[in-house]
Amino acid sequence: MDIELSLSGAANIDPLKEVYREAVTEAPEAQEALVHRTVALLVIDVQYLDAARGHGVFADAEKSGVPADAQEYYFNRLETLTLPNIRRLQDAFRAQRLEVIHTRIMSLTRDGRDRSPGHKRLGLHAAPGSKDAEFMPEVAPVGDEIVFSKTASGVFVSTNLEFVLRNMEISALFMCGVYTNECVETTARDASDLGFFTSVIEDACATVTPELHTSSLNTLRDRYAKILSTDEAISELLANAKLRPR
């Protein structure tokens with residue numbers, strides 16, 4: 001019985017947590033990226049397709065597959081927490097003249113024939129020029145900020161994002177957007193595997209249940225990404241700005 005209890009307790013502990021934290025999320029190079037301005041903000045899929053009441057996948061609330069209480073939770077979180085925090089992050093990055101990069105779900109063609117097989121099976125489609133492809137106005141791109149359009153959860157596998165980041169010598173990414181457990185988590189994992197120092201801003205992300213949100217962050221935490229609040233992210237950004245050589 002003692003052995004069983006011991007093993008049960010051990011199952012709740014990540015034995016490699018400290019190793020990964022030192023080598024990945026807290027590596028000295030991650031801090032240097034902030035000092036040397038090789039960090040960008042990546043805002044993921046905050047568009048009418050999946051982040052607006054009465055549009056896109058929520059155009060028919062009853063047929064969306066998301067229960068009414070989950071929809072209410074999701075939109076309340078978006079409107080009162082996630083969108084305001086994304087805007088705060090954008091303002092902070094823009095004030096430091098750092099890159100703000102946007103992704104959205106949008107096909108290359110009006111009929112969506114270029115979409116990924118997964119999006120075709122799901123019936124997920126935002127055509128060029130459609131309302132669903134538009135960004136939510138409060139967090140929309142400004143000026144010549146870079147936009148990547150995709151038809152898969154992961155922006156790295158479906159666009160030339162990595163190529164562009166390497167061209168701009170970006171080595172670290174702060175991520176926010178929707179959904180936490182889908183496009184955000186996929187992108188964070190891919191970024192980490194590709195060698196980018198990755199931070200996910202937990203109160204600038206949202207998905208349809210708190211359980212999915214928390215579970216996703218717990219999987220990423222200190223393994224694939226550093227998990228920060230918006231306040232912590234902005235404080236880290238500003239603190240390291242003071243360390244830059246003049």
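No value in this document is a laboratory result; all are computed from the given coordinates. From a predicted model like this one, the values you see are computed outputs, not experimental measurements. Counting neighbours? That spans all protein chains shown, and the Cβs are built from the backbone with ideal geometry, glycine included.
Take the Kirkwood radius over Cα pairs of the stretch 28-241, plug it into Stokes-Einstein at 37 °C and 0.692 mPa s, and you get 190 µm²/s for translational diffusion.
Which value at 222 nm does the chain reach when only helices count, each DSSP H run of 4 or more adding -39,500 (n - 2.57), with the total divided by all residues and rounded to the nearest 500 deg cm²/dmol? Estimated from H runs of four or more residues: -10500 deg cm²/dmol. Between SER199, SER171, SER215, the residue with the greatest mean-square fluctuation in the GNM of the chain (Cα pairs under 10 Å linked by springs) is SER215. Under the simplified labelling scheme, the GLU145-LEU122 pair shows an inter-label distance of 2.3 nm, with each label point 7 Å from Cα along Cα→Cβ.
Quick one: grab the alpha carbon gyration tensor of the stretch 90-210, order the square roots of its eigenvalues as a ≥ b ≥ c, and give me rounded if a/c is under 1.5, else prolate or oblate depending on whether a/b is larger than b/c. Don't skip to the end; give the middle numbers.
Values: a/c = 1.44, a/b = 1.36, b/c = 1.06.
Since a/c stays below 1.5, the shape of the stretch 90-210 is classed as rounded.
By other beta-carbon atoms within 10 Å, ranking LEU42, LEU16 with the fewest at the front produces LEU16, LEU42. The length gained on full extension between LYS17 and ALA239, counted as 0.36 nm times the residue separation minus their Cα-Cα distance, comes to 77.3 nm. Among ALA40, ALA191, ALA140, the largest mean-square fluctuation in a Gaussian network model of the chain (Cα springs under 10 Å) belongs to ALA140.
You can think of it this way: the chain between ARG87 and GLU138 has 17.7 nm of extra reach, that is 0.36 nm per residue less the Cα-Cα gap.
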